[in-house]
Amino acid sequence: MTAMAHPAPLYRRATAADIPAMSAIRLAVTENVLSDPSRVTLAMYEDYLDRAGRGWVAELDGTIAAFCYADRADASIWALFVQPGYEGRGMAKHLLGLATDWLFAQGHERIRLATGAGTRADRFYAAQGWRGSPRDDGRNLDYVLERATGVTSRCA
């Protein structure tokens with residue numbers, strides 16, 4: 001018996017109408033959970049749509065299944081999250097590619113992010129060619145992707 005293929009996601013720029021779905025995804029994840037959800041505000045989501053960076057979503061059958069935000073000022077990935085139950089379909093990899101391509105196109109030579117040590121995200125970023133180094137507390141890692149090692153092919 002063959003497995004059913006998943007429908008192809010639609011990748012597009014995030015809009016203000018997507019913020020409630022993105023916020024719901026951020027609050028639904030089971031790793032890299034926010035210790036204080038009030039720290040991520042509606043204004044932050046709005047700012048990263050265009051003013052402070054850029055955001056993208058992966059949509060499946062009209063549902064936002066994943067999202068990613070890039071921070072223009074400090075050349076970082078501010079957020080990359082997949083709705084639980086939608087993992088393993090390549091959406092995070094594609095969204096990360098859109099974000100890194102865009103940041104490199106802005107002239108940045110190095111992109112950074114932080115994530116929890118020993119998590120699926122930790123393993124994901126390492127598999128994408130990012131270099132990780134532990135923070136002082138040992139529970140979190142700082143990751144860096146250099147332009148020379150970054151794969152750029154999805155500029156949007």
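Residues in segment 65-82 that are over 14 Å from LEU49 (Cβ atoms) and open to solvent by less than 50 Å² (accessible area, probe 1.4 Å): ALA65, ALA66, ALA75, SER76, ILE77, LEU80, PHE81, VAL82. Taken as a whole, segment 98-108 holds no residue that is under 15 Å from ARG26 (Cα atoms) and either open to solvent by less than 40 Å² (accessible area, probe 1.4 Å) or touching a helix residue (DSSP H, G or I) at 6+ places or on another chain (Cβ under 8 Å) (or both). Test SER23 against the criterion of being at pLDDT 85 or above, surrounded by 15 or more Cβ atoms within 10 Å (Cβ to Cβ), of a type in the set (Ser, Thr, Tyr) and more than 26 Å from PRO7 (Cβ to Cβ), and give yes or no. Spelling it out, it is not the case that SER23 is at pLDDT 85 or above, surrounded by 15 or more Cβ atoms within 10 Å (Cβ to Cβ), of a type in the set (Ser, Thr, Tyr) and more than 26 Å from PRO7 (Cβ to Cβ).
Scanning segment 115-131 for residues that are exposed (fewer than 15 other Cβ atoms within 10 Å of the Cβ) and among the small types (Gly, Ala, Ser) turns up GLY116, ALA117, GLY118, ALA126, ALA127, GLY129.
The values are calculated or read from the model by the stated rules, or taken from the named source; none is laboratory data. None of the values given here were measured: they were computed from a predicted structure. Cβ coordinates were reconstructed from backbone atoms using ideal geometry, including for glycine residues, and neighbour counts include every protein chain displayed. Remember, those area values only see protein heavy atoms, side chains included, never the ligands or the DNA or RNA. Shrake-Rupley method; radii C 1.70, N 1.55, O 1.52, S 1.80 Å.
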